[in-house]
Amino acid sequence: MSYARDHLIPIVDEGLGNSAYLADLGDGRALAVDSSLDLRALREAAAKRGLRVAFAADTHLHADFLTGAVQLAADEGAAVLAAAAGHRAFPHIPLADGDEAGLGGLRLRALATPGHTGEHLSYLLLDGSRELGVFTGGSLIVGSAARTDLLGASRAEELARAQYRSLRRLAMLPDATAVWPTHGAGSFCSAPPGTARVTTIGAEKASNALLAAPDEDTFTGRLLASLGSYPAYFARLAEVNRRGPAPVAGAPGLAPLTPAALRSLPGRGGQVIDVRPIAHFAAGHIPGAVSIPLREQFATWLGWVVPAGVPLGFVLAGGQDPAEVAWQALKVGYEDLAGQLDGGMAAWHADGGPAETTGLVTAGRIGSRPVLDVRQAAEYASGHIPGAVHVELGDLPARAQDAPVGAVVMCGHGERAMTAASLLQRAGHRGLAVLAGGAQDWAAATGQPLREGP
């Protein structure tokens, strides 16, 4: 019998590239591991099986989402399991290396696996003496190991060496042991691309290049060389999780805002976020609004380019779900949600509000215009339009002056490019356009090859 097949439910957040887990303990209770504050999918899975979440375990102080463990404790009385070394400021059962927690017929053994963070634990799920699987969080992940620079560049090498030792320890488990990581494809915690989100110890020993490194120095060099940029909000969430995020009362949503109320937000230090599709934004938007289209990656880009702690007003298109906007914002620590423009852009126009437009061009119509590519460095290096200026979207708020005048802004499909164009417009740039497509579309339209390298 496979425990994972019959009793373990992965809860995948495609936008953040993370997996939480709901483990059926066989007695009507469940264990939740690395759940985010957005518990909708986890609770739906628990309800389908008639389960109550009795335990909530966190492998580390998450930097990419707010933990849902405190919410589960408040709502369902779940016992929170976490590393004693994390010094969390809310009630929990502190665990150190080798400590065990009884889960009824099963046991959870804490394994100290520092590296991704200093206090990181993995959890070995045991049925008697049999290893059912190990929740590895940000330690051993499919095909790699999670990044070690979240505590700053000055500690990245130290933690990379700790990560090496942690992975070697995990590799001593039986080859058949299932590996259930938190971080997967799409995560900025150094997960490689791919569809697999779970693995086994044996599979990783056979295919993981980092685990196959012949020595600690080689491992450390490989891991540090793979590190790219990560969202700005990662720098603040770990401390929020240490203190314990405030539980969410009721079902969050967005209150209606009049055009006048929305117009007053910037004067109070707030920002207007337009979540409509890029074609809607291009056709007409509120001056100064930041375009972040509502999609799976919405929370990542909100957290990367919008400062925290300021009131946010939103512009939605008809049919977009305000609860989805609210949950995505809340799970990355944005709580001051002023509301949404009541009646959308039609109400804004009816009230006499001004509007701006942004050009939207196809790949064959760029011509000789300068190009600004805002993709990640690895994406740019894999193939870009010759002569394109490269500034990652996450760096653009501080580097707006580096954008060419009258540029066509591009990314992979257009969403990030429209975010970039909206930031540049707010900084005073005019005559911008956004490429509806990506680099491969340009190559196909022009018959010219892309250039590789930085």
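The values are calculated or read from the model by the stated rules, or taken from the named source; none is laboratory data. Bear in mind that the values here come from a model prediction, so they are computed numbers and not experimental data. Neighbour counts run over all protein chains shown; Cβ positions are idealised from the backbone, glycine included. With ligands, DNA and RNA removed, areas are computed over all heavy atoms of the protein, side chains included. Shrake-Rupley method; radii C 1.70, N 1.55, O 1.52, S 1.80 Å.
From the mean inverse distance of alpha carbon pairs (Kirkwood) and the Cα radius of gyration, derive Rg over Rh for the chain.
My calculation puts Rg/Rh at 1.00.
Using all C-alpha to C-alpha distances in the range 330-376, build P(r) with 10 Å bins and read off the rounded percent in each one.
Over the range 330-376, the share of Cα pairs per 10 Å bin runs 16, 24, 26, 31, 3 percent.
Once you put a point 7 Å from the Cα of A74 and another 7 Å from the Cα of A153, both along the Cβ direction, what distance in nm separates them?
3.8 nm
Distance from the Cα centre of the range 145-183 to that of the range 209-228, in angstrom?
For the range 145-183 versus the range 209-228, the Cα centre distance is 11 Å.
What order, most packed first, do the peptides 47-56, 362-371 have when packing is the mean number of other Cβ atoms within 10 Å of each residue?
Peptide ranking by packing, descending: 47-56, 362-371.
Bin by bin, in steps of 10 Å, what percent of the Cα pairs in the range 249-404 do you find, going until the bin that has the longest distance?
Per 10 Å bin, starting at 0, the Cα pair percentages come out as 10, 35, 34, 17, 3, 0.
Residues with amide H under 5 Å of S291's amide H, sequence separation 5 or more or different chain, H placed in the peptide plane at 1.01 Å from N; which?
Result for S291 returns D274, S422, L423.
Across the range 362-372, in residue order, what do the Karplus-derived ³J(HN,Hα) couplings come to in whole Hz, using 6.51 cos²θ - 1.76 cosθ + 1.60 with θ = phi - 60° and x for Gly and Pro?
3J(HN,Hα) across the range 362-372, in whole Hz: 8, 4, x, 10, 6, x, 9, 5, x, 10, 10.
Could you check the spin-label model distance between D175 and D342? Points 7 Å from the Cα along Cα→Cβ, value in nm.
Going from the D175 label point to the D342 one covers 6.6 nm.
With the radius of gyration and the Kirkwood radius both derived from the Cα set of the range 332-450, what is their ratio Rg to Rh?
Over the Cα atoms of the range 332-450, Rg/Rh equals 1.04.
Full extension from R130 to A212: what is 0.36 nm times the residue separation minus their Cα-Cα distance, to one decimal in nm?
The R130-A212 span can extend by a further 26.9 nm.
Rounded to whole Hz and in sequence order, give me ³J(HN,Hα) for the range 17-24 from the Karplus expression 6.51 cos²θ - 1.76 cosθ + 1.60, θ = phi - 60°, writing x for Gly and Pro.
In residue order, the calculated couplings are x, 10, 10, 9, 9, 10, 9, 6 Hz.
Could you work out how much longer the chain between K205 and R365 gets when fully extended? Use 0.36 nm per residue separation minus the Cα distance between them, nm to one decimal. Spell out each step's value before the answer.
Details: separation 160, 0.36 × 160 = 57.60 nm, distance 4.90 nm.
Gain on stretching K205 to R365: 52.7 nm.
Non-local amide H neighbours of D97 (under 5 Å, H modeled in plane, Pro and chain starts lacking H): which ones?
The list, which skips near neighbours in sequence, is A112.
Describe numerically, in nm with one decimal, the distance between label points set 7 Å from Cα along Cα→Cβ at K48 and at V310.
Spacing of the two 7 Å Cα→Cβ label points: 4.1 nm.
To the nearest 20 Debye, how big is the dipole of the chain about its Cα centre, given +1 on the beta carbon of each Lys and Arg and -1 on that of each Asp and Glu?
Computed charge dipole of the chain: roughly 320 debye.
Using a Förster distance of 41 Å, how high is the FRET efficiency between V405 and V12, based on the Cβ-Cβ distance and rounded to 0.05?
That gives a FRET efficiency of 0.45.
If one computes the Cα centroid of the range 1-58 and of the range 408-431, what distance in Å separates the two points?
When both Cα centres are located, 39 Å separates them.
Could you compute Rg(Cα) / (2.2 N^0.38 Å) for the range 165-243, with N its residue count?
Details: Rg = 14.5 Å, N = 79, 2.2 N^0.38 = 11.6 Å.
Cα-based Rg divided by the globular estimate yields 1.25.
Nothing charged except the Cβ atoms of Lys and Arg (+1) and of Asp and Glu (-1): what's the magnitude of the dipole of the range 333-454 about its Cα centre? Round to the nearest 20 debye.
540 debye
Over the range 343-408, what relative contact order in percent results from Cα pairs under 8 Å that are six or more residues apart?
RCO, the range 343-408: 33 percent.
Which whole-number value in Å² is the accessible area per residue of the chain, probe 1.4 Å?
38 Å²
Calculate the FRET efficiency for A261 and E452 from the Cβ-Cβ distance with a Förster distance of 45 Å, rounded to the nearest 0.05.
Computed FRET efficiency for A261 and E452: 0.35.
Would you work out what percent of the accessible area of the range 261-387, with all protein chains in place, is carbon or sulfur (probe 1.4 Å)?
53 percent
Using the beta-carbon distance between S382 and S229 and R0 = 22 Å, what value does 1/(1 + (r/R0)^6) give for FRET efficiency, to the nearest 0.05?
Result of the calculation: an efficiency of 0.90.
Report the relative contact order of the chain, percent, no decimals, based on alpha-carbon pairs under 8 angstrom and at least 6 residues apart. Could you put the intermediate results ahead of the total?
Working: 1016 pairs, mean separation 52.5, N = 454.
Computed value for the chain: 12 percent relative contact order.
If DNA, RNA and ligands are ignored and the probe is 1.4 Å, what is the ranking of K205, K331 by accessible area, most exposed first?
Reading off the accessible areas and sorting them downward yields K205, K331.
For the range 1-159, state what percent of all Cα-Cα pairs lands in each successive 10 Å bin, counting from 0 Å until the bin that includes the largest distance.
Calculated P(r), rounded to whole percents: 11, 42, 37, 9, 1.
How big is the dipole moment of the range 1-131 about its Cα centre under a simple scheme where the beta carbon of each Lys and Arg is +1, that of each Asp and Glu is -1, and everything else is neutral? Debye, nearest 20, please. Walk me through the numbers before you get to the answer.
On the way: 11 positive and 18 negative charges, 64 e Å.
For this selection, approximately 300 debye.
Express in % the proportion of alpha carbon pairs of the range 114-260 at distances exceeding 25 Å.
For the range 114-260, the share of Cα pairs beyond 25 Å comes to 35 percent.
Which far-off residues, 5 or more places away or on another chain, put their amide H under 5 Å from the one on G133, with H placed in the peptide plane?
Residues meeting the amide H criterion: L125, A178.
With contacts defined as alpha carbon pairs under 8 Å and 6 or more residues apart, what's the relative contact order of the range 56-194 in percent? Mind dumping the intermediate values first?
Values: 284 pairs, mean separation 26.7, N = 139.
In percent, rounded to a whole number, it is 19.
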